[in-house]
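The values are calculated or read from the model by the stated rules, or taken from the named source; none is laboratory data. Treat the numbers as computed from the prediction; the structure is a model and nothing was measured. Quick reminder, even Gly has a Cβ in these numbers, built from the backbone with ideal geometry, and neighbours come from all protein chains shown. Surface areas here come from the heavy atoms of the whole protein model, side chains and all, with no ligands, DNA or RNA. Shrake-Rupley method; radii C 1.70, N 1.55, O 1.52, S 1.80 Å.
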Amino acid sequence: MIDPALIQSVIRILFAVVIVTAAYIISTRNLISLVSVYAVQSLTLVFMALALWSLEGVTVLLGIAVVTFVSKVLVIPYFIASIQERIRIRRDIEFHFLSPTTSLLLSMALILFIYIALANILEGTPARESLFFFGAVIGLSLMLMGMMVTFSRKRAITKVLGYLSMENGVLLFGMFVTELPFIIEFLIIIDLVILVILTTILTVGLDSTLEEYHQRLHRFHLVGDTEDGP
């Protein structure tokens, strides 16, 4: 039988990998690397679910690992990478509001703020030193870092990957904090939303910036006009 202390040490290392991949997604301009790093981040969550399963023996965790591996490590990255290869877009060099350096500094501040806030809330309780605490901190941090990618980048493909990174944060937070049946129900809803977003973006223009994408939505009548015609 595997030593539980060893498994907990591995999970803490995986926490660090998640943060590194999130920081890379925030700062990189290379779209091919962006898709690959998202796949690595998702694979890290697969290993984390398997480690928790070996600790707790909850079958749902094994199911989450399998579904995450198939959808987030294989299908979605391959789908986006294949379309990206066709449109021959390699870099996303435009940023809204925040530069890569500013985004990284803000991310560090967010992680520190979440850590301090949860530490104060859980002060004097055993949970403060447990995997529950670190899972909550990293999960919330990953959600906010993914949101930062969504707001700070211009190309639609980068925004989608930011949203997918946010979902990874929800999954990570849920594995350590909430009841597992709730995680499954919530992730099903999120995956349906992602499917709609990916379908729309791949149909209308994966290579566009936000402004171009909005214009194409109007052109294809996928959103209503803001004002009536004459």
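Odds and ends about this structure:
- Filtered residues of the range 55-82 (kept if buried (at least 16 other Cβ atoms within 10 Å of the Cβ) and farther than 29 Å from residue 155 by Cβ): 60, 61, 64, 65
- Unique match (being over 18 Å from residue 46 (Cα atoms), open to solvent by less than 40 Å² (accessible area, probe 1.4 Å), at pLDDT 85 or above and not hydrophobic (A, V, I, L, M, F, W, C)) among 107, 130, 103: 107
- Condition check for residue 25: in contact (Cβ under 8 Å) with a residue 60 or more places away in the chain, assigned to a helix (DSSP H, G or I) and out of contact with any strand residue (DSSP E or B) (no Cβ under 7 Å at 6 or more places or on another chain): yes
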